[in-house]
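Just below is one structure, and these are the notes that go with it.
The values are calculated or read from the model by the stated rules, or taken from the named source; none is laboratory data. Note that the structure is a prediction, hence the values are computed from the model and not measured. Note that we place each Cβ from the backbone using ideal geometry, even for glycine, and neighbour counts take in every protein chain shown. Ligands, DNA and RNA are stripped out before the accessible areas are found, and what is left, the full protein with its side chains, is counted by its heavy atoms. Shrake-Rupley method; radii C 1.70, N 1.55, O 1.52, S 1.80 Å.
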Amino acid sequence: QVQLVESGGGLVQPGGSLRLSCAASGSIGGFNPMAWYRQPPGKGRELVARIFKGGNTNYGDSVKGRFTISRDTSKNALDLQMNSLKPEDTAVYYCNGYYLRNYWGQGTQFTVSS
């Protein structure tokens, strides 16, 4: 069973950038799609970005143009580059992969605040 582990959380100032990474314990080649979700404080989990095997991507409306999702099957990694960060991006971010069922990481927290 593949395990997903996120990293890269912390504290960032508004307008700043941050890159989240998700490392898989095994091959991510079977996952389709892979995605980043987030759960802001006091709210439900929401889709941030999703990437399919063919490279197609989907983004949540609130992050379009600011976030970029990428996957590297040779490294079994999924990344999320986040630019122009806003306080409302503060959340726990989860890595997700789907193969017959959903696989989730444990989440990584980051806060956007001055």
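A simple charge model with +1 on the Cβ of Lys and Arg, -1 on the Cβ of Asp and Glu and nothing else charged puts the dipole of the chain at about 180 debye relative to its Cα centre.
Residues SER25, SER113 ordered from highest to lowest accessible area at a 1.4 Å probe: SER25, SER113. Sorting ASP61, ASP72, ASP89 by solvent-accessible area of protein heavy atoms yields ASP61, ASP72, ASP89, largest first, with a 1.4 Å probe.
Just need the Rg to Rh number for the chain, please, alpha carbons only, Kirkwood Rh.
Numbers: Rg = 13.2 Å, Rh = 13.9 Å.
Dividing the radius of gyration by the Kirkwood radius yields 0.95.
Entry note, segment 62-114: relative contact order of 28 percent, from Cα contacts under 8 Å with a spacing of 6+ residues.
Rounded to the nearest 0.05, what FRET efficiency do TYR98 and LYS43 have when you use their Cβ-Cβ distance and R0 = 30 Å?
On the way: r = 22 Å, r/R0 = 0.75.
Efficiency, from the Cβ-Cβ distance: 0.85.
Would you list which lysines come within 21 Å of LYS86, measuring only between C-alpha atoms, while excluding same-chain residues fewer than 8 positions from it? Here the lysines satisfying the reach criterion relative to LYS86 are LYS43, LYS64.
Return a whole-number percent for the relative contact order of segment 1-61, with Cα pairs under 8 Å and 6 or more residues apart as the contact set. Walk me through the numbers before you get to the answer.
Working: 72 pairs, mean separation 14.3, N = 61.
That works out to 23 percent.
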